[in-house]
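The values are calculated or read from the model by the stated rules, or taken from the named source; none is laboratory data. Owing to the predicted nature of the structure, the values given are computational and were not obtained by experimental measurement. Cβ placement follows ideal geometry from the backbone for every residue including glycine, while neighbour counts extend to all protein chains displayed. The protein model used for the area step is the full one, side chains on, heavy atoms only, and it has no ligands, DNA or RNA in it. Shrake-Rupley method; radii C 1.70, N 1.55, O 1.52, S 1.80 Å.
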Amino acid sequence: MTPPPTSPADGPAHDPAATAREALARLVRDVPDFPEPGVLFKDITPLLADHAGLRAVVDGLAAAGRDAEGRPVVDAVVGLEARGFVLAAPVALALGVGFVPVRKAGKLPGETHEVAYALEYGEAVLQVHRDAVAPGARVLVVDDVLATGGTLAAARALVEACGAHVHAASLLMEISALPGRAALGDLPLHVLTTV
Ligand SMILES: O=P(O)(O)OC[C@H]1O[C@H](OP(=O)(O)OP(=O)(O)O)[C@H](O)[C@@H]1O
Ligand SMILES: Nc1ncnc2[nH]cnc12
């Protein structure tokens, strides 16, 4: 039987994390001065439009919700409006659990918890349905970008207001020039790439 490739000289080894990083490097577009001067916007729409790239990053994001043997260890996946929704729903399917939306204020019809927060280019209010996450549940939070950490800190506060626990946050990319990681204290972060 032919052994699997072990070095670049033998051919490309199957490394899911490297595949996701390569997709991000190739398919995320930098847009200077959007949505305001001084912001280098990371546009993920080319990545979302590429089936293999989307597949690679969904698999990479879902890994944060599994144990060392690959078994799911979370009870729900929370996605953050709007880009986080696109990624979190397939991650929830991959892990065999449900999807819970955290939305900008005024969009959810039921009783909500809410948190005001600031992000790299503005301020907003996030909400979650009070009954969306069961008390004691272990949650994976999924989003695209970690910049200042304001959005993710607000999402964590909302999950905790439901009496649930954030197992980890899983993100496509961390902007290392911004202080997001420091703002999140002991929250376990799983990032597919750092820019
Ligand atoms: O770390 P932070 O500084 O909080 O920034 C990160 C957040 O900013 C973007 O969301 P945005 O509110 O622009 O929403 P969108 O997905 O609706 O475009 C991004 O999708 C993250 O959620
Ligand atoms: N620079 C950036 N690019 C894309 N999304 C963001 N959210 C916050 N900062 C961002």
### Message
Let me confirm something: among Leu172, Leu189, Leu146, Leu184, which residue is within 16 Å of ligand 2 (Cβ to nearest atom), of a type outside the set (Ser, Thr, Tyr), under 16 Å from Val74 (Cα atoms) and crowded, with 16+ Cβ neighbours inside 10 Å?
### Response
Leu189
### Query
Given the structure, is Ala157 touching a strand residue (DSSP E or B) at 6+ places or on another chain (Cβ under 8 Å), more than 15 Å from ligand 2 (Cβ to nearest atom), closer than 16 Å to Ala183 by Cβ and modelled with pLDDT of 95 or more?
yes
### Message
Please determine whether any residue of the range 34-51 is more than 16 Å from ligand 2 (Cβ to nearest atom), at pLDDT 95 or above, surrounded by fewer than 10 Cβ atoms within 10 Å (Cβ to Cβ) and not in a strand (DSSP E or B).
### Response
yes
### Message
If I ask for residues that are assigned to a loop (DSSP other than H, G, I, E, B), open to solvent by 30 Å² or more (accessible area, probe 1.4 Å) and among the hydrophobic types (A, V, I, L, M, F, W, C), which ones from the range 74-96 would you list?
### Response
Ala82
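Got a sec? Which of Val125, Val100, Val139 is part of a strand (DSSP E or B), within 13 Å of ligand 1 (Cβ to nearest atom) and either in contact with a helix residue (DSSP H, G or I) (Cβ under 8 Å, 6 or more places away or on another chain) or among the hydrophobic types (A, V, I, L, M, F, W, C) (or both)?
Val125
Considering Val159, Val133, Val191, Val195, which residue is under 15 Å from Glu81 (Cα atoms) and either of a type outside the set (Gly, Ala, Ser) or within 10 Å of ligand 1 (Cβ to nearest atom) (or both)?
Exactly one residue qualifies, and that residue is Val159.
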### Message
Residues to consider are Leu152, Leu95, Leu146; find the one that is away from ligand 1 (no atom under 15 Å from the Cβ) and touching a strand residue (DSSP E or B) at 6+ places or on another chain (Cβ under 7 Å).
### Response
Leu95
### Message
Among the residues in the range 37-55, are any in contact (Cβ under 8 Å) with a residue 12 or more places away in the chain, under 26 Å from Val125 (Cβ atoms) and over 18 Å from the mean Cα position of the chain (by Cα)?
### Response
yes
### Query
Which residue out of Leu87, Leu95, Leu108 is within 16 Å of ligand 2 (Cβ to nearest atom) and touching a residue at least 12 places away in the same chain (Cβ under 8 Å)?
Leu87
### Message
What's the number of the only condition in (1) open to solvent by less than 10 Å² (accessible area, probe 1.4 Å); (2) under 23 Å from Thr112 (Cβ atoms); (3) without any contact (Cβ under 8 Å) to a residue 60 or more places away in the chain that Ala161 fails to meet?
### Response
(1)
